[in-house]
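K.L.:
Below is the structure I would like to discuss, written out as structure tokens.
Quick note: the coordinates plus some simple rules give every number you see, no bench work behind them. All values derive from a computational prediction rather than experimental measurement. Cβ placement follows ideal geometry from the backbone for every residue including glycine, while neighbour counts extend to all protein chains displayed.
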Amino acid sequence: MGNVAILLDSGYLNNVLKKYYGETRLDYREFADWVCDKGSLFQVYYYDCLPYQSANPTPEEAQMISKKQKFLQSLRKIDRFTVRLGRLEYRGHTDDGKPIFQQKRIDLQIGLDVASLVFNQRIDTIAIVSGDSDLIPAIELAKNNGIIIRLVHGPKPTYHQDL
């Protein structure tokens, strides 16, 4: 399988783990080894956002930020792991009063990393841990340039059918 780059959308992976397995705890190094299968790990790109923080942060918000920062710092210490941060933006409330948050800049960053990997010609395979159809143009770019694409996903309803 050659050199493998793993592009991991943490929002997607955490949702799948929570919905189907009841938790979001994972040994990311073991997961990367499993995704690589018989390939050689080139790099894991881990895409995430810090929790939302209001203009006047509550103690709960500050604690969530601190906890997430410690987690991301531990990932950065793993050999061949790169953390890429987007932004979490508040988008209002649902009808039942729950806040709506949306990740921003993650899909574009993944697409840019795919293009960079393709044109630097240092990998043979890209394993994408996501279910987002916004990534299709980047996937097509890689495939058209001879890169093998592996989609790593949860059960069928968790990824877009066009992938």
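K.L.:
In nm, to one decimal, how far is the modelled label at PHE31 from the one at SER54, with both set 7 Å along Cα→Cβ?
P.N.:
That separation, rounded to one decimal, is 3.0 nm.
K.L.:
Using mean Cβ contacts within 10 Å as the protection proxy, how do 61-70, 11-20 order, highest first?
P.N.:
11-20, 61-70
K.L.:
Taking every DSSP beta bridge that has both residues in the stretch 1-160, what percent is antiparallel when rounded to the nearest 5?
P.N.:
20
K.L.:
I've got another one for you. Need one number: % antiparallel among DSSP beta bridges in the stretch 38-126, to the nearest 5.
P.N.:
Once the DSSP bridges in the stretch 38-126 are tallied, antiparallel ones form about 45 percent.
K.L.:
Spin-label point model (7 Å from Cα, Cβ direction): what's the ARG87 to LEU151 distance in nm?
P.N.:
3.0
K.L.:
Quote the FRET efficiency, to the nearest 0.05, computed for SER133 versus ASP96 with a Förster distance R0 of 25 Å and r equal to the Cβ-Cβ distance.
P.N.:
0.35
K.L.:
(1) 1.19; (2) 0.98; (3) 1.04: which one is Rg/Rh (Cα atoms, Kirkwood Rh) as calculated from this entry?
P.N.:
Calculated Rg/Rh (Cα atoms, Kirkwood Rh): the matching label is (2).
K.L.:
Can I ask one more? So, counting K/R as plus one and D/E as minus one, what does the shell of residues with Cβ under 12 Å around LYS77 add up to?
P.N.:
My count for the surroundings of LYS77 gives +3.
K.L.:
A further question on this structure: In nm, what is the difference between 0.36 nm times the number of residues separating ALA62 and ASN14 and their Cα-Cα distance?
P.N.:
Here the answer is 15.2 nm.
K.L.:
Cut-off is 10 Å between beta-carbons; in what order do LEU75, LEU7 appear when sorted fewest neighbours first?
P.N.:
Fewest-to-most Cβ neighbours within 10 Å comes out as LEU75, LEU7.
K.L.:
Then there's this: Could you work out how far the C-alpha centroid of the stretch 115-163 sits from that of the stretch 60-111, in angstrom?
P.N.:
22
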